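The values are calculated or read from the model by the stated rules, or taken from the named source; none is laboratory data. Worth saying up front: this structure is predicted, and the values here are computed from it rather than measured. Here the Cβ is made from the backbone with ideal geometry for all residues, glycine too, and neighbour counts use every protein chain on show.
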Amino acid sequence: MVDVFFNTWDNNRINNSRPIDTNDPTYVIVHGYQSTGGNPGNNFTPQAWMSEMAQNIRDLEGNDANILVVDWQDGANTLNYFAAADRVDEVGVEVADYLLGQGVNPANTTLIGHSLGAHIMGEAGEELRERRGEVDRLIGLDPAGPEFEGGWFSRPNSTDYRLDPSDADRVVAFHTSSTLGYDDPLADLDLYINWDDLLQPGASTFVGNHGYAHTLYNDLLDGFGFAQSNGTTLSLSTINGNTAGSVFVDTFTV
(Lines give C-alpha, C1' and ligand atoms only; values in the text may rest on other atoms or scores of the structure.)
Protein backbone atom coordinates (compact mmCIF):
# COMPACT_ATOMS: atom_id res chain seq x y z
CA MET A 1 0.00 0.00 0.00
CA VAL A 2 1.32 3.45 -0.93
CA ASP A 3 2.02 5.77 2.01
CA VAL A 4 -0.10 8.89 1.56
CA PHE A 5 0.21 11.98 3.77
CA PHE A 6 -2.56 14.55 4.11
CA ASN A 7 -1.01 17.86 5.09
CA THR A 8 -3.17 20.74 6.31
CA TRP A 9 -2.18 24.15 4.97
CA ASP A 10 -2.53 26.96 7.46
CA ASN A 11 -1.10 30.32 6.42
CA ASN A 12 2.21 30.19 4.54
CA ARG A 13 3.00 26.79 6.02
CA ILE A 14 1.83 23.27 6.70
CA ASN A 15 0.23 22.93 10.12
CA ASN A 16 -1.02 19.40 10.66
CA SER A 17 -2.47 20.30 14.05
CA ARG A 18 -5.06 22.52 12.37
CA PRO A 19 -8.41 20.69 12.49
CA ILE A 20 -10.74 20.24 9.54
CA ASP A 21 -13.99 22.20 9.84
CA THR A 22 -16.64 20.31 7.89
CA ASN A 23 -18.73 23.48 7.62
CA ASP A 24 -16.03 25.10 5.46
CA PRO A 25 -15.20 24.42 1.81
CA THR A 26 -12.38 21.93 1.24
CA TYR A 27 -9.61 22.12 -1.35
CA VAL A 28 -7.34 19.14 -2.01
CA ILE A 29 -4.14 19.43 -4.09
CA VAL A 30 -2.14 16.41 -5.29
CA HIS A 31 1.09 16.11 -7.30
CA GLY A 32 2.14 13.78 -10.10
CA TYR A 33 5.14 11.66 -11.08
CA GLN A 34 8.47 12.02 -9.22
CA SER A 35 7.16 14.79 -7.03
CA THR A 36 6.21 15.41 -3.40
CA GLY A 37 3.54 17.07 -1.32
CA GLY A 38 5.58 16.93 1.89
CA ASN A 39 6.29 14.00 4.21
CA PRO A 40 8.48 13.12 7.22
CA GLY A 41 11.40 12.26 4.93
CA ASN A 42 11.65 15.81 3.57
CA ASN A 43 10.49 17.69 6.68
CA PHE A 44 7.04 18.17 5.14
CA THR A 45 8.26 20.33 2.26
CA PRO A 46 5.90 20.28 -0.73
CA GLN A 47 6.76 21.26 -4.29
CA ALA A 48 6.95 25.04 -4.61
CA TRP A 49 3.94 25.19 -6.94
CA MET A 50 1.81 23.31 -4.40
CA SER A 51 2.76 25.70 -1.58
CA GLU A 52 2.03 28.65 -3.84
CA MET A 53 -1.33 27.20 -4.87
CA ALA A 54 -2.34 26.41 -1.29
CA GLN A 55 -1.47 29.94 -0.19
CA ASN A 56 -3.26 31.49 -3.18
CA ILE A 57 -6.40 29.60 -2.16
CA ARG A 58 -5.91 30.67 1.46
CA ASP A 59 -5.63 34.29 0.34
CA LEU A 60 -8.86 33.96 -1.66
CA GLU A 61 -10.85 32.07 0.97
CA GLY A 62 -9.43 33.64 4.11
CA ASN A 63 -9.44 31.49 7.22
CA ASP A 64 -12.70 29.74 6.32
CA ALA A 65 -11.41 26.86 4.18
CA ASN A 66 -9.78 23.47 4.61
CA ILE A 67 -6.75 23.20 2.32
CA LEU A 68 -5.04 19.82 2.06
CA VAL A 69 -1.71 19.22 0.32
CA VAL A 70 -1.47 15.50 -0.45
CA ASP A 71 1.80 13.58 -0.68
CA TRP A 72 2.21 10.18 -2.38
CA GLN A 73 5.95 10.40 -3.02
CA ASP A 74 6.22 6.82 -1.81
CA GLY A 75 4.47 5.71 -5.00
CA ALA A 76 5.52 8.50 -7.37
CA ASN A 77 9.29 8.59 -6.77
CA THR A 78 10.37 5.80 -9.10
CA LEU A 79 12.19 5.62 -12.43
CA ASN A 80 9.40 3.34 -13.64
CA TYR A 81 6.68 5.75 -14.74
CA PHE A 82 4.29 2.93 -15.55
CA ALA A 83 4.59 1.55 -12.01
CA ALA A 84 3.66 4.99 -10.68
CA ALA A 85 0.74 5.21 -13.13
CA ASP A 86 -0.54 1.85 -11.94
CA ARG A 87 -0.84 3.29 -8.41
CA VAL A 88 -3.26 6.03 -9.44
CA ASP A 89 -6.41 4.13 -8.49
CA GLU A 90 -5.00 3.07 -5.12
CA VAL A 91 -4.02 6.61 -4.18
CA GLY A 92 -7.36 7.98 -5.40
CA VAL A 93 -9.21 5.58 -3.13
CA GLU A 94 -6.97 6.62 -0.20
CA VAL A 95 -7.86 10.26 -0.86
CA ALA A 96 -11.58 9.44 -0.88
CA ASP A 97 -11.25 7.31 2.26
CA TYR A 98 -9.52 10.14 4.11
CA LEU A 99 -12.08 12.77 3.12
CA LEU A 100 -14.97 10.52 4.06
CA GLY A 101 -13.30 9.69 7.37
CA GLN A 102 -12.99 13.41 8.12
CA GLY A 103 -16.67 13.98 7.34
CA VAL A 104 -15.94 16.32 4.44
CA ASN A 105 -18.92 17.16 2.22
CA PRO A 106 -18.09 16.37 -1.44
CA ALA A 107 -20.58 19.02 -2.60
CA ASN A 108 -18.37 21.63 -0.95
CA THR A 109 -15.05 20.20 -2.17
CA THR A 110 -12.63 21.09 -4.96
CA LEU A 111 -10.08 18.49 -6.09
CA ILE A 112 -6.94 19.69 -7.92
CA GLY A 113 -4.34 17.39 -9.46
CA HIS A 114 -1.36 17.72 -11.79
CA SER A 115 -0.40 15.03 -14.34
CA LEU A 116 -0.95 11.62 -12.71
CA GLY A 117 -2.51 13.59 -9.88
CA ALA A 118 -5.36 14.61 -12.18
CA HIS A 119 -6.29 10.96 -12.69
CA ILE A 120 -5.88 10.33 -8.94
CA MET A 121 -8.47 13.04 -8.35
CA GLY A 122 -10.67 11.47 -11.02
CA GLU A 123 -10.63 8.21 -9.07
CA ALA A 124 -11.24 10.06 -5.79
CA GLY A 125 -14.17 11.90 -7.34
CA GLU A 126 -15.67 8.66 -8.64
CA GLU A 127 -15.32 7.00 -5.22
CA LEU A 128 -16.89 9.95 -3.43
CA ARG A 129 -19.81 10.06 -5.86
CA GLU A 130 -20.53 6.37 -5.35
CA ARG A 131 -20.19 6.45 -1.56
CA ARG A 132 -21.35 9.89 -0.41
CA GLY A 133 -22.14 12.35 -3.19
CA GLU A 134 -20.79 14.32 -6.12
CA VAL A 135 -17.72 16.54 -5.78
CA ASP A 136 -18.34 20.19 -6.63
CA ARG A 137 -15.26 20.87 -8.80
CA LEU A 138 -12.25 19.03 -10.16
CA ILE A 139 -9.30 20.77 -11.82
CA GLY A 140 -7.01 18.57 -13.91
CA LEU A 141 -3.69 20.29 -14.62
CA ASP A 142 -2.33 18.71 -17.81
CA PRO A 143 -3.68 15.23 -17.02
CA ALA A 144 -1.07 12.58 -17.83
CA GLY A 145 -1.24 11.04 -21.29
CA PRO A 146 1.11 8.02 -21.33
CA GLU A 147 -0.73 4.83 -20.31
CA PHE A 148 -4.04 6.72 -20.25
CA GLU A 149 -4.69 7.92 -23.79
CA GLY A 150 -3.54 4.80 -25.65
CA GLY A 151 -1.01 4.55 -28.45
CA TRP A 152 0.34 2.22 -31.10
CA PHE A 153 0.03 -0.85 -28.89
CA SER A 154 -2.81 0.04 -26.54
CA ARG A 155 -6.30 1.46 -26.48
CA PRO A 156 -7.25 4.51 -24.39
CA ASN A 157 -8.18 3.75 -20.79
CA SER A 158 -11.89 3.59 -20.08
CA THR A 159 -13.36 6.39 -18.01
CA ASP A 160 -13.23 4.09 -14.96
CA TYR A 161 -9.44 4.44 -14.95
CA ARG A 162 -8.90 8.09 -15.81
CA LEU A 163 -10.30 11.56 -15.33
CA ASP A 164 -13.69 12.12 -17.00
CA PRO A 165 -16.63 14.55 -16.74
CA SER A 166 -18.60 12.31 -14.35
CA ASP A 167 -15.95 12.68 -11.62
CA ALA A 168 -17.37 16.01 -10.37
CA ASP A 169 -20.22 18.41 -11.02
CA ARG A 170 -17.73 20.53 -13.01
CA VAL A 171 -14.49 19.13 -14.40
CA VAL A 172 -11.93 21.45 -16.00
CA ALA A 173 -8.76 20.25 -17.73
CA PHE A 174 -5.75 22.37 -18.70
CA HIS A 175 -3.89 20.93 -21.72
CA THR A 176 -0.36 22.31 -21.99
CA SER A 177 1.82 19.45 -23.29
CA SER A 178 0.99 17.23 -26.25
CA THR A 179 3.93 14.99 -25.26
CA LEU A 180 3.27 14.27 -21.59
CA GLY A 181 -0.36 15.30 -21.37
CA TYR A 182 -3.67 13.81 -22.49
CA ASP A 183 -4.50 15.30 -25.88
CA ASP A 184 -8.20 14.51 -26.33
CA PRO A 185 -11.01 16.23 -24.43
CA LEU A 186 -11.78 14.57 -21.10
CA ALA A 187 -13.60 17.24 -19.08
CA ASP A 188 -16.61 19.57 -19.14
CA LEU A 189 -14.23 22.37 -20.10
CA ASP A 190 -10.99 21.48 -21.90
CA LEU A 191 -8.62 24.44 -22.17
CA TYR A 192 -5.99 24.00 -24.87
CA ILE A 193 -3.28 26.46 -23.91
CA ASN A 194 -1.07 27.89 -26.69
CA TRP A 195 -1.71 24.60 -28.48
CA ASP A 196 -0.03 25.59 -31.75
CA ASP A 197 3.15 26.81 -30.05
CA LEU A 198 6.20 24.62 -29.57
CA LEU A 199 6.94 25.90 -26.05
CA GLN A 200 4.84 27.41 -23.29
CA PRO A 201 5.80 30.75 -21.69
CA GLY A 202 8.99 30.29 -19.67
CA ALA A 203 9.46 26.70 -20.84
CA SER A 204 12.55 25.37 -22.62
CA THR A 205 11.46 21.71 -22.95
CA PHE A 206 8.30 19.61 -23.13
CA VAL A 207 8.76 18.99 -19.38
CA GLY A 208 8.38 22.72 -18.84
CA ASN A 209 5.26 22.64 -21.01
CA HIS A 210 3.80 20.00 -18.68
CA GLY A 211 4.46 22.15 -15.62
CA TYR A 212 3.01 25.27 -17.20
CA ALA A 213 -0.46 23.98 -16.30
CA HIS A 214 0.08 24.58 -12.58
CA THR A 215 1.94 27.84 -13.27
CA LEU A 216 -1.04 29.14 -15.23
CA TYR A 217 -3.60 28.03 -12.64
CA ASN A 218 -1.57 29.79 -9.95
CA ASP A 219 -1.58 32.94 -12.11
CA LEU A 220 -5.38 32.72 -12.40
CA LEU A 221 -5.76 32.19 -8.65
CA ASP A 222 -3.51 35.22 -8.18
CA GLY A 223 -5.95 37.35 -10.17
CA PHE A 224 -4.32 37.48 -13.59
CA GLY A 225 -6.45 37.56 -16.73
CA PHE A 226 -5.44 36.83 -20.31
CA ALA A 227 -7.24 38.80 -23.02
CA GLN A 228 -8.07 36.80 -26.15
CA SER A 229 -8.32 37.94 -29.76
CA ASN A 230 -12.06 37.16 -29.81
CA GLY A 231 -12.74 39.68 -27.05
CA THR A 232 -13.02 37.19 -24.20
CA THR A 233 -10.68 36.93 -21.22
CA LEU A 234 -9.29 33.79 -19.63
CA SER A 235 -9.60 34.28 -15.87
CA LEU A 236 -10.54 32.40 -12.74
CA SER A 237 -14.19 33.14 -13.50
CA THR A 238 -13.77 31.12 -16.73
CA ILE A 239 -12.70 28.12 -14.67
CA ASN A 240 -15.44 28.51 -12.08
CA GLY A 241 -18.20 29.57 -14.47
CA ASN A 242 -20.33 27.80 -17.07
CA THR A 243 -18.01 27.82 -20.09
CA ALA A 244 -17.90 24.32 -21.58
CA GLY A 245 -16.43 22.41 -24.51
CA SER A 246 -12.95 22.62 -26.01
CA VAL A 247 -11.57 26.15 -25.88
CA PHE A 248 -8.25 27.21 -27.38
CA VAL A 249 -6.60 30.09 -25.53
CA ASP A 250 -3.45 32.14 -25.99
CA THR A 251 -1.60 33.28 -22.88
CA PHE A 252 1.15 34.97 -24.91
CA THR A 253 -1.35 37.71 -25.82
CA VAL A 254 -0.61 40.99 -24.08
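Mind checking which residues of segment 51-84 are within 18 Å of ASP10 (Cβ to Cβ), within 17 Å of the chain's Cα centre (by Cα) and without any contact (Cβ under 8 Å) to a residue 60 or more places away in the chain?
Across segment 51-84, the qualifying residues are SER51, ALA54, GLN55, ARG58, ASN66, ILE67.
Just give me the residues in segment 27-49 being in contact (Cβ under 8 Å) with a residue 40 or more places away in the chain and either buried (at least 19 other Cβ atoms within 10 Å of the Cβ) or charged (D, E, K, R) (or both), in sequence order.
Result: TYR27, VAL28, ILE29, VAL30, HIS31, GLY32, TYR33, SER35, THR36, TRP49.
Can you confirm whether VAL172 is among the aliphatic types (A, V, I, L, M), over 22 Å from PRO106 (Cα atoms), in contact with a strand residue (DSSP E or B) (Cβ under 6 Å, 6 or more places away or on another chain) and touching a residue at least 40 places away in the same chain (Cβ under 8 Å)?
No.
Quick one: would you say GLY133 is at pLDDT 95 or above, over 17 Å from MET53 (Cβ atoms) and buried (at least 23 other Cβ atoms within 10 Å of the Cβ)?
When the stated conditions are applied, GLY133 does not pass them.
Kindly indicate which of ASP97, ASP59, ASP24 is over 29 Å from GLU130 (Cβ atoms) and either in a helix (DSSP H, G or I) or touching a strand residue (DSSP E or B) at 6+ places or on another chain (Cβ under 6 Å) (or both).
Sole residue among the options that is over 29 Å from GLU130 (Cβ atoms) and either in a helix (DSSP H, G or I) or touching a strand residue (DSSP E or B) at 6+ places or on another chain (Cβ under 6 Å) (or both): ASP59.
I'd like the full set of residues that are in contact with a helix residue (DSSP H, G or I) (Cβ under 7 Å, 6 or more places away or on another chain) and crowded, with 19+ Cβ neighbours inside 10 Å, limited to segment 58-86.
Selection gives ILE67, VAL69, VAL70, TRP72, GLY75, ALA76, ALA84, ALA85.
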